[in-house]
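Enquirer: Just passing along the structure, written as structure tokens.
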Amino acid sequence: MFCGYIFVLALSVAGVLAAPKKKVACALNDLSCTTLTADPLFKSIMRGRPDLNVPASEPLREAEISGRLDDMYYNLTDAELHGMSDCSVKSHNINFLQLSWSFLLYCPKLVLQSNYDLSGSIRNIPIEGRGRSNIVHEKYRIGMRGGFDVVLDLKGRPHVRINHYDIDRLEVVGNIRSDFSNLYNGDVARSAVMHKYLNDNWKSIGFYTQYPTMRSFMKRMMENLIKFLQVVPANELFFREE
């Protein structure tokens, strides 16, 4: 009889341990709950919803990014930013009284790959070239904030609609390592000198050069996020397990 009780108890415990965890939706104003589940949501957004025409954000892609920084003109084509799916949400806030939101991402490594065409000078040092580029950003922090409202879809389900946003932090706390193939049209000696200069002075130079390109990629990420929020109801964004 005693063995029978032990057997029943063992089955009961095994049943409890094997029971699937139930997902419970977080209220959007429950900051403690949404904070714990922000990372899974971010990963889901990065994966996208191809079945609902929401593109993935890993990698982020831009057909062309161009501009001028001081005396240097640059043009990037077929640009890709890799590593966003490895970022984690360090903090976030959703304020339903002020209809505002903010978040801070920490990314271990972001790699920008593209074709490049640049000419001009950096701090009065001539630079020119055309080829492939690979720029590695170690330990990147990205901060964004903005506003939102809540709208109902045709089924009466609430959706968060972002109506404006700003980038308030783009900070590399590790380093930036740049590699431009065919710099100075293949002049190896001049290329080595410029690469050393760029990589030794990554912090001061990167402060100016990273912002235009990263702003383009963050705009693309926000476009994907807005599409994601249009198809996923507000009460299906954050889930905790019980």
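The values are calculated or read from the model by the stated rules, or taken from the named source; none is laboratory data. What you are looking at is a predicted structure, and each value in this text was computed from that prediction instead of being measured. Ideal geometry is used to build each Cβ from the backbone, glycine not excepted, and the neighbour counts take in all protein chains shown.
Enquirer: Kindly list the number of the only condition in (1) touching a residue at least 40 places away in the same chain (Cβ under 8 Å); (2) part of a strand (DSSP E or B); (3) closer than 18 Å to MET222 by Cβ that fails for SER57.
Expert: Every listed condition holds for SER57 apart from (2).
Enquirer: Okay, moving on. For LEU97, all conditions in the list (1) out of contact with any helix residue (DSSP H, G or I) (no Cβ under 9 Å at 6 or more places or on another chain); (2) among the aliphatic types (A, V, I, L, M); (3) assigned to a strand (DSSP E or B) hold save one; what is the number of the exception?
Expert: (3)
Enquirer: So for segment 57-78 (the condition being within 19 Å of the chain's Cα centre (by Cα), of a type in the set (D, E, K, R) and farther than 30 Å from ARG123 by Cβ), does at least one residue qualify?
Expert: yes
Enquirer: Let me ask another. What strands (runs of 3 or more DSSP E) lie completely within segment 158-242 and have 2 or more residues being out of contact with any Phe, Trp or Tyr (no Cβ under 8 Å at 6 or more places or on another chain) and over 28 Å from THR37 (Cβ atoms)? Before you say what the answer is, go through the steps one by one.
Expert: Values: elements: 158-172, 176-180, 239-241.
In segment 158-242, there are no strands (runs of 3 or more DSSP E) which contain 2 or more residues that are out of contact with any Phe, Trp or Tyr (no Cβ under 8 Å at 6 or more places or on another chain) and over 28 Å from THR37 (Cβ atoms).
Enquirer: Out of GLU138, GLU80, report the one residue that is in contact with a Pro (Cβ under 6 Å, 6 or more places away or on another chain) and over 30 Å from ALA27 (Cβ atoms).
Expert: Working: GLU138 fails: in contact with a Pro (Cβ under 6 Å, 6 or more places away or on another chain).
One residue alone meets the criteria, GLU80.
Enquirer: Return yes or no: is ILE65 touching a residue at least 12 places away in the same chain (Cβ under 8 Å), of a type in the set (A, V, I, L, M, F, W, C) and out of contact with any strand residue (DSSP E or B) (no Cβ under 7 Å at 6 or more places or on another chain)?
Expert: Working: touching a residue at least 12 places away in the same chain (Cβ under 8 Å): yes; of a type in the set (A, V, I, L, M, F, W, C): yes; out of contact with any strand residue (DSSP E or B) (no Cβ under 7 Å at 6 or more places or on another chain): no.
Taking the combined requirement at face value, the residue does not satisfy it.
Enquirer: Check off (1) within 24 Å of LEU28 (Cα to Cα); (2) touching a Ser or Thr at 6+ places or on another chain (Cβ under 7 Å) for SER100 and give me the number that stays unchecked.
Expert: Looking at each condition in turn, SER100 falls short on (2).
Enquirer: Any residue at all in segment 11-23 that is surrounded by 10 or more Cβ atoms within 10 Å (Cβ to Cβ), at pLDDT 60 or above and either over 24 Å from the mean Cα position of the chain (by Cα) or farther than 22 Å from PHE96 by Cβ (or both)?
Expert: yes
Enquirer: A further question on this structure: Checking ASP70 against (1) modelled with pLDDT under 90; (2) surrounded by 14 or more Cβ atoms within 10 Å (Cβ to Cβ), which test does it fail?
Expert: Among (1) modelled with pLDDT under 90; (2) surrounded by 14 or more Cβ atoms within 10 Å (Cβ to Cβ), ASP70 violates only (2).
Enquirer: Could you give every pair whose Cβ atoms fall below 8 Å, whose first residue belongs to segment 105-126 and is touching a residue at least 60 places away in the same chain (Cβ under 8 Å) and among the hydroxyl-bearing types (Ser, Thr, Tyr), and whose second residue is in a strand (DSSP E or B) and crowded, with 19+ Cβ neighbours inside 10 Å, counting only separations of at least 6 or pairs across chains?
Expert: What qualifies is TYR116/TYR74; TYR116/LEU76; TYR116/GLY129; TYR116/SER133; TYR116/PHE180.
Enquirer: Taking interchain pairs and intrachain pairs at least six residues apart, which have beta carbon atoms under 6 angstrom, with the first residue in segment 72-85 and hydrophobic (A, V, I, L, M, F, W, C) and the second not in a strand (DSSP E or B)?
Expert: Sorted first by the residue in segment 72-85, then by its partner, the pairs are LEU81/PRO59; LEU81/PHE217; MET84/MET46; MET84/SER57; MET84/GLU58.
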